[in-house]
1. Would you check if there is a residue in segment 126-134 being in contact (Cβ under 8 Å) with a residue 24 or more places away in the chain, within 11 Å of the ligand (Cβ to nearest atom) and open to solvent by 10 Å² or more (accessible area, probe 1.4 Å)?
2. Conditions first: (1) outside any strand (DSSP E or B); (2) open to solvent by less than 10 Å² (accessible area, probe 1.4 Å). THR95 passes all but one, so which condition is the exception?
3. Within segment 3-18, how many residues are modelled with pLDDT under 85 and either open to solvent by less than 90 Å² (accessible area, probe 1.4 Å) or within 15 Å of ALA142 (Cα to Cα) (or both)?
4. When you go through (1) of a type outside the set (Lys, Arg); (2) at pLDDT 95 or above; (3) more than 19 Å from GLY168 (Cβ to Cβ) one by one for PRO129, which number turns out not to apply?
5. Considering only segment 35-76, how many residues are touching a strand residue (DSSP E or B) at 6+ places or on another chain (Cβ under 8 Å), among the small types (Gly, Ala, Ser) and either touching a residue at least 60 places away in the same chain (Cβ under 8 Å) or buried (at least 19 other Cβ atoms within 10 Å of the Cβ) (or both)?
6. Can you work out which of the residues in segment 140-173 that are open to solvent by 60 Å² or more (accessible area, probe 1.4 Å), of a type in the set (Gly, Ala, Ser) and within 11 Å of the ligand (Cβ to nearest atom) is nearest to the chain's Cα centre (by Cα)?
7. Taking into account only those residues within segment 99-120 that are away from the ligand (no atom under 14 Å from the Cβ) and hydroxyl-bearing (Ser, Thr, Tyr), which is modelled with the lowest pLDDT?
8. Kindly indicate the residue of segment 55-81 that is in a strand (DSSP E or B) and within 16 Å of the ligand (Cβ to nearest atom) and also nearest to GLY143 (Cα to Cα) among those meeting that condition.
Amino acid sequence: MNWRKLRTFLLTLLVLSLIPATRYYQIDVPLVGFLRGSQIDPLTLHLAGEFVESNLGTEQDADGSVTVRMIAEQYLFIPHCIVVPAGVPVHLRVTSADAVHSLAINGTNYKVEVLPGSIAEAQLQFPQPGEYAMPCREFCGAGHYAMRSRLQVVARDQFPVLRAGERGNCAPQ
Ligand code: CUA
């Protein structure tokens with residue numbers, strides 16, 4: 001091997017090693033999917049199944065509790081404003097369309113790690129009405145620090161009555 005070939009080889013190696021250095025927050029994605037067994041395909045979740053757009057937001061359950069479904073993706077949460085009633089169990093279901101994110105609710109201990117390929121679940125309950133910021137707490141790329149949603153907890157009798165199949169949120173339509 002002559003020096004020129006060696007130099008080309010080393011430069012190529014250097015350039016290739018820069019790719020994971022700038023995208024390292026996505027490297028664990030295929031690995032996580034492999035280890036946990038994929039429950040949901042991040043590439044098609046917008047198109048069919050539980051996380052289609054019309055199924056996102058707050059759903060009224062028959063027993064008075066609510067279920068909230070959200071998608072985390074670079075660099076936003078959908079919907080970007082969630083409304084839930086105070087004093088009832090809130091079942092949170094979130095999945096990611098791309099990298100690993102973490103949905104935190106400021107001022108509470110609630111924090112959910114959101115991985116592509118699986119559904120993160122949490123049981124929440126808020127005794128009082130209030131408003132909370134929900135920022136992403138896992139570095140997920142250039143827009144990470146702007147990635148946030150909002151949670152509005154309203155008094156139970158102020159929570160809009162949702163008809164069967166209807167989903168609520170407080171994001172401007
Ligand atoms: Cu999403 Cu940080």
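1. no
2. Condition (1) is where THR95 drops out.
3. Result for segment 3-18: 2.
4. Going through the list (1) of a type outside the set (Lys, Arg); (2) at pLDDT 95 or above; (3) more than 19 Å from GLY168 (Cβ to Cβ), PRO129 breaks only (3).
5. Selection size over segment 35-76: 2.
6. It comes out as ALA146.
7. Among those residues, the one meeting the criterion is SER118.
8. Among them, the one singled out is LEU76.
The values are calculated or read from the model by the stated rules, or taken from the named source; none is laboratory data. No experiment lies behind these values; they were computed from the predicted model shown. Methodologically, a virtual Cβ is constructed for each residue, glycine included, from the backbone with ideal geometry; neighbour enumeration extends over all protein chains shown. Keep in mind that these areas ignore ligands, DNA and RNA; they rest on the heavy atoms of the full protein, side chains included. Shrake-Rupley method; radii C 1.70, N 1.55, O 1.52, S 1.80 Å.
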